[in-house]
Structure formats: structure tokens, C-alpha cells
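Report on the following structure.
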């Protein structure tokens with residue numbers, strides 16, 4: 001089996017040595033540089049990485065990743081897409097080979113993606129990622145928060161491997177440049193997923209009125225999108241209302257989030273914090289006790305590492 005790692009790059013020189021060391025279990029590594037003005041390209045080539053440079057008139061993540069995927073030669077069997085600020089636990093290649101050997105018609109492999117680490121060294125927020133796939137039959141879509149979509153003719157077969165872990169160590173010094181791309185994405189394709197991510201981006205940027213507007217647009221699609229994302233948009237709406245001083249509406253949307261999916265800690269904890277703020281201490285304790293009764297983490301990106309931090313519960 002021939003396995004390739006592929007990625008896009010722009011000014012990632014500080015991550016390159018660590019990333020290549022982690023990805024070196026692959027047969028070859030292919031990187032598409034989208035305009036670095038540091039020494040990233042030189043560093044990559046010195047580590048025997050195959051590098052191509054492209055210039056996009058208007059940068060979009062889907063266009064960049066499709067160019068990167070197309071850079072991988074056709075004779076590879078499996079492709080692994082990562083970013084340069086991500087690191088695999090050693091032994092990932094053997095796990096990939098075993099999964100594809102067990103199922104001859106396997107198309108894609110899901111694995112654990114850890115986006116934060118707790119102070120005690122345990123995994124914080126984690127969910128299943130979907131970027132290990134067969135070389136052919138896939139295409140990236142969406143200008144940001146892009147996904148690799150199966151475009152093959154037969155039914156896609158997917159396996160899950162709990163032993164493969166990819167850790168994300170984001171460079172917080174790099175500016176987020178997602179808002180314009182998200183607004184383009186919603187204009188092109190106003191899917192529930194894109195509306196949810198736009199709501200989240202406004203929440204990140206503390207654009208509270210816009211956050212509420214995008215969140216309500218997302219809630220208007222209930223029944224059409226992924227159920228797990230709706231309570232999260234409700235939480236973002238609740239935060240926006242709290243920051244605007246409207247505690248009644250903030251409480252309302254946190255309760256809606258709990259009613260929609262009761263077995264999630266996050267809205268209970270945020271409701272406890274809200275009740276503490278407005279001096280409803282008995283209700284605050286009730287909400288925190290309710291969160292503590294939820295013992296099972298869920299395996300998707302909705303899971304927040306802080307909700308399992310004992311300092312909230314004890």
C-alpha cells in the first residue's frame with residue numbers, strides 16, 4: 001500500500017520540522033505552498049518534502065486543498081490530509097494499513113482529532129476527523145471550514161479507528177481570516193452547517209448582533225442539518241444576549257439547548273454561570289449538579305474540554 005500525506009502551507013516555518021517528523025511514516029509527503037514569504041519552502045525541500053507553489057487570485061481553502069490533492073500522484077492508494085500545526089501519535093501508518101487491509105472496499109477512515117490538552121496532560125476537546133481517504137473519488141468543497149466530499153459512484157464505506165490520534169497545536173499568533181470566506185460560503189450555499197460556522201465566527205469576533213442574526217438563521221433550519229450543531233448555536237446566541245445585557249433571552253436559549261439535547265454538560269455549566277451572575281444561587285447549583293450527573297463524553301467537535309474540567313464541577 002502506498003500512502004501519501006498532503007497539506008497546504010503559508011508561512012509555517014516554525015512547525016515544519018515537528019510536522020515532517022510526525023508525517024514521515026508515509027511513503028511521500030506533498031505540500032502545496034500558497035504564498036509563503038518566509039523560508040518554509042526551503043525547509044520543506046531540505047527535509048525531502050515534495051513542494052509545489054501556486055498562486056490563487058482569490059484564496060479559498062477548497063481550491064487550495066484540491067490543488068494539493070491533485071499534486072499527489074495517481075498511483076498512491078491512500079491520502080492523509082493534515083495541517084502543519086498538527087502531529088500524529090507514532091504508529092499511525094500501521095493502523096491505517098490494518099484498517100484498509102481488513103476491508104478491501106474501504107473508502108475513508110475516521111480517527112481521533114484532539115484540539116486541546118488539559119493541564120494534567122489528558123485530552124481536552126476531541127472529536128472524529130475524516131481526512132484519511134482513498135486517493136480517488138474525493139473533492140474538497142466550501143471556501144473555509146472545508147470538507148473532503150466523496151464523489152465516487154458506489155456507496156462510500158467508512159471505518160473508525162480509535163488508536164489513530166492527531167493533535168492540533170494552533171498558532172494563536174496567526175490572525176483568523178475566516179469571516180469573509182464564511183460570508184462567501186453562506187452566500188454560495190446557505191446550508192445549516194455554513195450558517196452554524198458563521199454564527200460561531202461572529203461569536204469568536206464578539207460581533208454579538210451578527211452572532212444572534214446568523215444563529216437564528218441556523219435555528220430556522222432545524223430538521224435539515226446535523227442536530228448536534230443546533231444547541232451550540234443556541235449557546236452562542238445565549239452568550240451574545242448575555243454580553244448585550246439581556247439575561248432573560250440568554251437564559252431562554254440555554255434552556256432551549258438543554259431541551260433539544262439534554263445529555264450535554266456545556267449548556268448546564270453556562271446556565272450555572274449565568275445564574276451566578278444574576279444572583280440566582282440555588283438555580284446555579286442545580287445547573288452545576290445537573291452537569292455533574294452527565295458522565296459520558298460525546299465523540300464530536302461539539303464536545304468542549306472545559307466542560308470536563310473538575311474545577312467547574314467540584
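Here is how the numbers come out for the structure above:
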quantity	calculated
Hits in region 175-193 (condition: under 10 Å from residue 144 (Cα atoms) and modelled with pLDDT under 95)	177, 178
Restricting region 105-137 to residues that are assigned to a strand (DSSP E or B) and touching a helix residue (DSSP H, G or I) at 6+ places or on another chain (Cβ under 7 Å), the residue that is surrounded by the most Cβ atoms within 10 Å (Cβ to Cβ)	132
Complete set of residues in region 75-93 that are farther than 15 Å from residue 167 by Cβ and under 18 Å from the mean Cα position of the chain (by Cα)	81
Sole residue being part of a helix (DSSP H, G or I) and closer than 28 Å to residue 176 by Cβ, chosen from 251, 266, 259	266
Single unsatisfied condition, residue 90 versus (1) closer than 30 Å to residue 306 by Cα; (2) part of a helix (DSSP H, G or I); (3) out of contact with any strand residue (DSSP E or B) (no Cβ under 9 Å at 6 or more places or on another chain)	(2)
Options 177, 162; residue that is in a strand (DSSP E or B), out of contact with any strand residue (DSSP E or B) (no Cβ under 6 Å at 6 or more places or on another chain) and surrounded by fewer than 16 Cβ atoms within 10 Å (Cβ to Cβ)	162
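Residues are listed down the side, and each one gets a yes or a no for (1) touching a residue at least 24 places away in the same chain (Cβ under 8 Å); (2) closer than 19 Å to residue 251 by Cα; (3) not in a helix (DSSP H, G or I):
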| position | (1), (2), (3) |
| --- | --- |
| 187 | no, no, no |
| 194 | yes, no, no |
| 203 | yes, yes, no |
| 215 | yes, yes, no |
| 221 | yes, no, yes |
| 225 | yes, no, yes |
| 237 | yes, yes, no |
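The values are calculated or read from the model by the stated rules, or taken from the named source; none is laboratory data. Everything quoted here is computed from the prediction, not taken from an experiment. FYI the Cβ positions are ideal-geometry reconstructions off the backbone, even for glycines, and counts take in every protein chain you see.
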